[in-house]
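What follows is one structure encoded as structure tokens, with my remarks underneath.
The values are calculated or read from the model by the stated rules, or taken from the named source; none is laboratory data. Treat the numbers as computed from the prediction; the structure is a model and nothing was measured. Cβ placement follows ideal geometry from the backbone for every residue including glycine, while neighbour counts extend to all protein chains displayed.
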Amino acid sequence: MKKRYAMAVDTRRCVGCSACVISCKTENRLPAGGFRDWVVQETRGTFPALSMEIRSERCNHCSSAPCIDACPTGASHLAEGGVVMVNPAKCTGCKACIASCAYGARYVHAEGHVDKCTFCLHRVRKGRSPACVETCPTRSLTFGDLADAESAVSRLLRSRRFEVLRPETGNRPNVFFLT
Amino acid sequence: MNVILEEKRYDQEYVARHAVGLEELRAHVAGKTPEWAWPVTGIRPELIRETARFIASARPASLIHPGRHVTWYGDDTQRSRAMAILAALLGSWGRRGGYLATDRMALAAYPAKPGWLTAHQARPAADKPRQGGYPVADEVLASGLCDATKPGFALYDMKAWIVYGTNLITTLPAPQETAKAIQNLDFLVAIDVLPAEICGWADVVLPECTYLERDDDLAAPAWKTPFVAVRQPAVEPMYDSRPGWWIAKELGSRVGLADWFPWKDGREFVDARLRASGIDAAVLRQKGALAGKRIATCEEEGAAPPISTDDGKIHLFSAELQKLGFDPIPSFYPPEEGPPGTFRLLMGRAPTHTFGRTANNRLLAEPFPENQVWVNADAARALPVPVRNGDLVMLVNQDGVRQGPVRAKVTERIRGDCVYLVHGFGHTARGLRFARGRGASTSALTTRYKVDPIMGGTGMNVNFVRIEPAGSPA
């Protein structure tokens, strides 16, 4: 069966420590100022009646990804498991994909090409989880295959309420936020 | 507590079995209604009631977390007691989902020769202040070190410090007092992994290598499942730095105490302890940590609640404190307010940075390079010069100490009469090349503190700051 990789981010467990950000930077040797994931803290209400959500965000690896359509050279493409990848050799750094992304998930790497989260496909191929998932001290992040009904991520999405970011875009994101 | 007692939502069976002083407590909190707490906390009475009912509905699995950095106003023993008493009413001491009993793995000391001291000895009276210190604390806190350095304070005057891995200039309140204490010393040695502020005050700096470059003693902290962990170097020490064991052994041998350091290195020391404890060093070194047998941690598993009083009961009313002249049941005394136009300075930590020193870690500093001063949104608008999110401001405390420029974080997540800073920024040491000059220092602004008369803790939330636009004349 065709794999469909996805991530569940538990907003009730996350404390916003940025360990995911730092492990991603070291694992993927990102340049200074370059981030493939980041932490958002959202507060609603006025003091003292407040609610807060902390989210570890990254590329949503959308099932209908506008960045792939926007790319004039075919550098942005769909890889195995539905992962959206950038081929640096084909990328001219034109930034059309950056303009098309609703989530601000892409940036221009110091070497001139566009860079973004890969779900750590180089690790996943060897049976390991993405660096952020392995590092998370509160185990807020769950990565897996949605095509497998028994995977941890499938089970989580069956048992918990979740949201995706900006569903109105019709991008069909594959990063799910447990609320 | 008022709601939980009034509505009989406490664990009556548990309290009857484990606690004494319920009737005194009930009488004491009778008037402390949510309506009474409203003007103090700014939280609506209905919300307080709802919260109390919600917490009680989950008891005993509703943990009242004691928090960290709990010295606020100098009455902190009593505030901590109040939280502990609430936990007792909920029956969460020693119950599943509450405070669990923990245990350490028993490890043998380094095999000693006859006459050797293998454990820390009780503190001699000479280390205590002449007046006798604090009634329920048998040793002083770090600020007591500064006190003991003042001539005539302790039985003898302290003349030298060896400061190990603690940046006293930023960890203690009232840095002006720390500086004065250092002036009274003849000699100061700093052992640190970073060229922190304290190193600038030292006569001698002994640079230690980081934890990834050294062997350390075994760690066996108290846990649900007792375990032992070993620290071993991942890489060779860099530059001219040395492991702590090397520094101790060399210092010892140079003052004629070489016999006390019979081991060759830290690794041999750890291996000898492991052998004596019957633990296979090779297995431990390969795995990093070994778990012991899980212990019974709560009443449900057959363990008695972890209560350390003489009679094994929880004292909701403390005759012991009463005898010492303190309130037997915690009372609320409003903390002193600051001058008009100022905000109470609160401080804490961010999950990205564990210590002040991590501000100098480039990886951690990338997502979190500097602290921001949190200001309530309404309060920020009402300032003489209104402050917007991201504006650079200066903070000036009641004694005229200025810090900044620091960015304002305009938020709903704080009361209007307080501002908040993450501790550990605003470094001044030239050697902290990355952290230096980033953000504002909480320590510099903490020129005053209030000492808890019961246990001597230094309450630091008693400083007040004015917010000025950055670039305004000093």
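General remarks:
- Qualifying residue in the range B:18-39 (condition: farther than 30 Å from A:LEU50 by Cα, outside any loop (DSSP other than H, G, I, E, B), without any contact (Cβ under 8 Å) to a residue 12 or more places away in the chain and more than 14 Å from every other protein chain (Cβ to nearest Cβ)): yes
- Number of the condition not met by B:LEU346 [criteria: (1) touching a residue at least 12 places away in the same chain (Cβ under 8 Å); (2) assigned to a loop (DSSP other than H, G, I, E, B)]: (2)
- Where A:MET1 falls short, out of the listed (1) crowded, with 20+ Cβ neighbours inside 10 Å; (2) farther than 25 Å from A:ALA96 by Cα: (1)
- Output for the range A:66-81, where each listed residue is in contact with a strand residue (DSSP E or B) (Cβ under 6 Å, 6 or more places away or on another chain) and crowded, with 17+ Cβ neighbours inside 10 Å: A:CYS67, A:ILE68, A:ALA75, A:SER76, A:GLY81
- Number of positions in the range B:320-355 that are within 30 Å of B:LEU432 (Cα to Cα) and out of contact with any Asp or Glu (no Cβ under 9 Å at 6 or more places or on another chain): 11
- Residue-level analysis places A:GLY34 outside the set of residues that are under 23 Å from B:ARG413 (Cβ atoms), within 17 Å of the chain's Cα centre (by Cα) and within 14 Å of chain B (Cβ to nearest Cβ).
- Scanning the range B:312-332 for residues that are assigned to a loop (DSSP other than H, G, I, E, B) and either touching a strand residue (DSSP E or B) at 6+ places or on another chain (Cβ under 8 Å) or closer than 17 Å to B:ASP11 by Cα (or both) yields a count of 3.
- Condition broken by B:VAL462, with the remaining ones in (1) at pLDDT below 95; (2) over 29 Å from A:LEU30 (Cα atoms) satisfied: (1)
- Odd one out for A:LYS90 among (1) within 14 Å of another protein chain (Cβ to nearest Cβ); (2) surrounded by fewer than 19 Cβ atoms within 10 Å (Cβ to Cβ); (3) of a type outside the set (Val, Ile, Thr): (1)
- The lone exception for B:GLU250 - which of (1) touching a strand residue (DSSP E or B) at 6+ places or on another chain (Cβ under 6 Å); (2) over 22 Å from B:ASP147 (Cβ atoms) it fails: (1)
- Within the range B:192-224, the set of residues being assigned to a loop (DSSP other than H, G, I, E, B) and within 24 Å of the chain's Cα centre (by Cα) comprises B:VAL193, B:LEU194, B:PRO195, B:ALA196, B:THR210, B:ASP216, B:ASP217, B:LEU218, B:ALA220, B:PRO221, B:ALA222, B:LYS224.
- Pair list, Cβ < 7 Å and 6+ apart or interchain, from the range A:114-143 residues that are assigned to a loop (DSSP other than H, G, I, E, B) to residues that are of a type in the set (Ser, Thr, Tyr): A:PHE119/A:TYR5; A:SER140/A:SER56
- Residue count for the range B:246-255, restricted to those that are surrounded by 14 or more Cβ atoms within 10 Å (Cβ to Cβ) and either within 14 Å of B:LEU212 (Cα to Cα) or among the β-branched types (Val, Ile, Thr) (or both): 1.
- Of the helices (runs of 4 or more DSSP H) that lie entirely inside the range B:84-184, those containing 3 or more residues that are modelled with pLDDT under 80 and small (Gly, Ala, Ser) span B:142-149.
- Between A:ARG29, A:ARG13, the distinction of being farther than 25 Å from A:LEU178 by Cβ, surrounded by fewer than 18 Cβ atoms within 10 Å (Cβ to Cβ), charged (D, E, K, R) and within 14 Å of chain B (Cβ to nearest Cβ) belongs to A:ARG29 only.
- Residue pairs whose Cβ atoms lie under 6 Å apart, sitting 6 or more positions apart in sequence or on different chains, and linking a residue in the range B:42-57 that is free of Cβ contacts under 8 Å to residues at least 24 places away in the same chain and more than 11 Å from chain A (Cβ to nearest Cβ) to a partner that is acidic (Asp, Glu) and not in a helix (DSSP H, G or I), do not occur here.
- Residue that is more than 30 Å from B:VAL375 (Cα to Cα) and under 29 Å from the mean Cα position of the chain (by Cα), where the choices are B:ALA289, B:ALA258, B:ALA281: B:ALA289
- The range B:387-414 - residue that is away from chain A (no Cβ under 14 Å) and of a type in the set (S, T, N, Q) and, of those, surrounded by the fewest Cβ atoms within 10 Å (Cβ to Cβ): B:GLN398
- Any chance B:THR352 is within 14 Å of another protein chain (Cβ to nearest Cβ), among the polar types (S, T, N, Q) and part of a helix (DSSP H, G or I): no
- Filtered by the rule that a residue be without any contact (Cβ under 8 Å) to a residue 24 or more places away in the chain and either more than 14 Å from chain B (Cβ to nearest Cβ) or farther than 16 Å from A:PHE162 by Cα (or both), the range A:46-64 gives A:THR46, A:PHE47, A:PRO48, A:ALA49, A:LEU50, A:SER51.
- From B:ALA380, B:ALA359, residue being within 14 Å of chain A (Cβ to nearest Cβ), buried (at least 19 other Cβ atoms within 10 Å of the Cβ), of a type in the set (Gly, Ala, Ser) and in contact with a helix residue (DSSP H, G or I) (Cβ under 9 Å, 6 or more places away or on another chain): B:ALA359
- Among residues of the range B:300-345, those that are over 24 Å from B:PRO60 (Cα atoms), under 24 Å from the mean Cα position of the chain (by Cα) and surrounded by fewer than 15 Cβ atoms within 10 Å (Cβ to Cβ), counted: 5
- For the range A:32-58, the set of residues classified as touching a Lys or Arg at 6+ places or on another chain (Cβ under 9 Å) and farther than 16 Å from A:SER18 by Cα consists of A:THR43, A:PHE47, A:PRO48, A:ALA49, A:LEU50, A:SER51, A:MET52, listed by residue number.
- Extreme residue, surrounded by the most Cβ atoms within 10 Å (Cβ to Cβ), among residues of the range A:16-26 that are more than 7 Å from chain B (Cβ to nearest Cβ) and within 26 Å of B:LYS409 (Cα to Cα): A:CYS20
- B:ARG68 within 14 Å of another protein chain (Cβ to nearest Cβ), touching a residue at least 40 places away in the same chain (Cβ under 8 Å) and either under 26 Å from the mean Cα position of the chain (by Cα) or farther than 27 Å from B:ASN461 by Cα (or both): yes
- Test: residue in the range B:271-283 that is of a type in the set (Ser, Thr, Tyr), in contact (Cβ under 8 Å) with a residue 60 or more places away in the chain, out of contact with any strand residue (DSSP E or B) (no Cβ under 6 Å at 6 or more places or on another chain) and part of a loop (DSSP other than H, G, I, E, B): no
- Among the residues of the range A:98-107, at least one is out of contact with any Phe, Trp or Tyr (no Cβ under 9 Å at 6 or more places or on another chain) and farther than 25 Å from A:LEU178 by Cα.
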